[in-house]
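The structure under discussion appears below in the form of structure tokens.
Derivation of every value follows stated rules applied to the coordinates shown; laboratory data play no part. Bear in mind the structure is a predicted one, so any value in this text is a computation, not a measurement. Every residue, glycine as well, gets a Cβ built from its backbone with ideal geometry; the counts of neighbours run over all protein chains shown.
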Amino acid sequence: MSDGFKYRAFISYSHTDEKWATWLHKALETYRVPKYLVGTVADGGPVPARIGPIFRDRDELSTATNLGDTLTEALKDSACQIVICSPAAAQSHWTNEEILTFKRFGRSDRIFCLIVDGEPGGSADEECFPPALIYEIGDDGELTDQRGEPIAADARKGKDNKHNAKLKLIAGMLGVGFDSLRQREQHRRQKRLAVLAAASVAGMAITSGLAVTAYLARIEAEEQRNRAQIEAETARQTTDFMVGLFEVSDPSEALGNTITAREILDKGAVRIETELTDQLEIQATLMETMGTVYTSLGLYDSAIPLVQKSLDQRRTLFGDEHLLVAQSLDHLGVVQTLKAGYEEAEQHLRDALAQRRTLLGSSAPEVAETMRNLAYVLTERGEFGEAEPLLRESLQIRRSVFGEKHPDVAQILEELALNLFDQGDFDSPAPLLREAVAMRRETQGELHPGLAEAINNLGFVLAEAGELEEAEALYLEALAMKRQLLEDTHPEVAMGLSNVAYVRHIKGDYDAAEPIYKELIGLQKELLGEKHPDVASSMNNLAFLYYAKGDRAVAIELAGEALDMRRTVLGDEHPEVAQSFNTIAMWSLEEGDYTTAESMLRRSLEINTNMLGEEHPDVASSMTLLANSLIDQERFDEAYDLASTARQVFAGTLPEGHWRTAVAVSAEGAALAGQRQFEEAEELLVESYSVLSQDSSALPIFVREATERLVSLYEEWGKSEKAAEYSVLLREP
């Protein structure tokens, strides 16, 4: 590992939270860093391909009198500390001691928190942060009364969710932006959980009453299992109701065109509750149907109450154990999953699974479907190992029911492949996905949404494995298929464009990626509006592409537009806004536009200070960048003050001899040299160069800058031989 540490992180936790610690340990050690980040240099040093090793203590300390040499050495040998925060952790003497010990090693800024229960700043029973997290450490190694601001990801219900919390921890550990990791998830694959609406795809507007008729035909077929005559009549009346609801005065206008589905649905939902009070079974079916259509439009808040009412009605009509009750439980779990209500979704799906096993037997296809839905919930929570056996059993059931070659079998093969990938098995997924693609081609033909999704999933896995040429070809095939199957303005077409642009960009094929980015941005604006965070991110990606091509002026202009958009939609005080300021500032400096660079850097410094406090390494980084800008403008006094302050902050928060501290020292020395204090400047510049030139984590631009500053110092000082000694280094490759 970089910086001489044995472990990437040390997990501190109360043994009450051992389940969380076990999950986090496995999740971190099996996480595969996006390939386009591996080898780049971030704040935490060169980005590795894998996160491990992670240290997790498995032994109780209840009878111990101190942490012991093993744990103390493990803490010392860990680059980061992750504290699992809960009321139990807040009251744990040993969790507090581990945090205090880690802080005494001078790495307070490398402590990251995962909140799993309780409330920060809550009552004595609710507080989730141990005292050593809440308060800063003094020069004597003891806690002071000065409160700090712990860096926390929040896995509690309704917060970051388990998966995003994991990504936030990893982003902090590696020193990269959260969006850099989330970008991989966005390009990863289409939503794996099929929305339960026939003839409709997630996000697609309803185009005619025929879509609902097709959906109800599916409902009818499912319900005929045990109640053929009754359910046929129910389906007929339900179909009549829905077709009437979606009728338009001129059918030729509706054909292929989007109509105002939200207004029709809202009115229909009211009609269902008021007009069918004497037909409770049909009312329950229609409520669930309406909830499903709302789901297909992404209107989860409207969908959940309807499906819940359908469930309650069916329980009243049929009792707790009935196939229609199980169906409603399954559908409710699906919608709650899409709404990120994972705890409720898991419980409803487990109840549905138990009922379907009892009523239909363990080999029924409905059982396999509920297993798949439950596996998806667990996947979204990052519990990949728990999801795998559900997928394997679902696959076994579907093979026994449908045979070896069937679209439903292909679907589970894809799910299993992606699950194994999530667990760090990078050899098995591609063969499974190739089998799924071949199976879909054989059973569904060459033009089908399921085939497009399977091809996209295979492309993702191959891109992550570095097989960029084949990945690009697959992404292009999937995109072409989606263009044929869907409207050009469909969200899945936008996702396909994003995938193609992404793989071309990381290939370095900038000319081919550029028009795709432009088309994507245009489509996103049409779908999401002119100002949206996703639009800003795509614009920022295009700006980096232009910069890589050498079109720096265009890159700066486009990055400025992305910055303005982020400020509009995210507010002025946001990490992405500060990041945009820094990007534009660095590019402006290279163009010699010191006025713009200085303005951007001062604003970034202000945002970071407000968000993180003055004693934070990111604030020190902003100070150093601003100091370098002022040095270029020969404003040495302020530059010296900023660089000196930055050096002190770095020294207090980073390990001794860190390259980021050396960059601040270099700026401090350059400012002194500008003031013609040559002896003091020499000491600092030589110190900085010796660290930067020996640390592989240091960015080459800073190594070169330190060398150039020594050459300039000795030339101004009249020491030509020393200047020549360092000038030779500048000519080396």
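For the peptides 133-146, 14-27, the ranking by mean Cβ contacts within 10 Å, running from highest to lowest, is 14-27, 133-146. Between ARG704 and ASP140, the contour length at 0.36 nm per residue exceeds the Cα-Cα span by 199.2 nm.
Which of the three applies to the range 356-470, rounded, prolate or oblate, going by the alpha-carbon gyration tensor with a ≥ b ≥ c and a/c under 1.5 meaning rounded? Oblate. With contacts taken as Cα pairs under 8 Å and at least 6 residues apart, the range 626-733 reaches a relative contact order of 20 percent. Between ILE151 and CYS113, the built amide H atoms are under 5 Å apart, and every one of these is 5 or more places off in sequence or on another chain. Karplus-based coupling profile of the range 483-493, in residue order and whole Hz: 5, 6, 7, 10, 5, 4, 9, 6, x, 6, 5, with θ = phi - 60° in 6.51 cos²θ - 1.76 cosθ + 1.60 and x standing for Gly or Pro.
Computed packing ranks the peptides 664-677, 515-528 as 664-677, 515-528, most packed first, by mean other Cβ atoms within 10 Å.
Three semi-axes describe the equivalent ellipsoid of the range 626-733; taken as square roots of 5 times the Cα gyration tensor eigenvalues and ordered largest first, they are 20, 18, 11 Å. Output the antiparallel fraction of DSSP beta bridges having both residues in the range 2-179, as a percent to the nearest 5. Counting DSSP beta bridges with both partners in the range 2-179, the antiparallel share is about 20 percent.
Residues whose amide H comes within less than 5 Å of that of PHE10, counting only those at least five positions distant or on another chain, are PHE55, CYS80, GLN81, ILE82 (H built at 1.01 Å from N in the peptide plane).
Once the chain from SER362 to GLU614 is taken as fully extended at 0.36 nm per residue, the excess over their C-alpha distance is 84.7 nm.
Please list 654-663, 462-471 highest first by mean number of surrounding beta-carbon atoms within 10 Å per residue.
654-663, 462-471
Gyration tensor over the Cα atoms of the range 2-179: the corresponding equivalent ellipsoid has semi-axes (square roots of 5 times the eigenvalues, largest first) of 24, 19, 16 Å. Calculated from the alpha-carbon coordinates, the range 403-475 shows an Rg and a Dmax of 11.5, 34 Å respectively.
Karplus-derived 3J(HN,Hα) values for the range 369-379, using 6.51 cos²θ - 1.76 cosθ + 1.60 with θ = phi - 60°, are 5, 5, 4, 5, 5, 5, 4, 5, 4, 4, 4 Hz; glycine and proline are entered as x. Shape verdict for the range 77-171, please, from the Cα gyration tensor: rounded (a/c under 1.5), prolate (a/b greater than b/c) or oblate. Oblate shape, in that a/c is at least 1.5 and b/c is the bigger or equal ratio.
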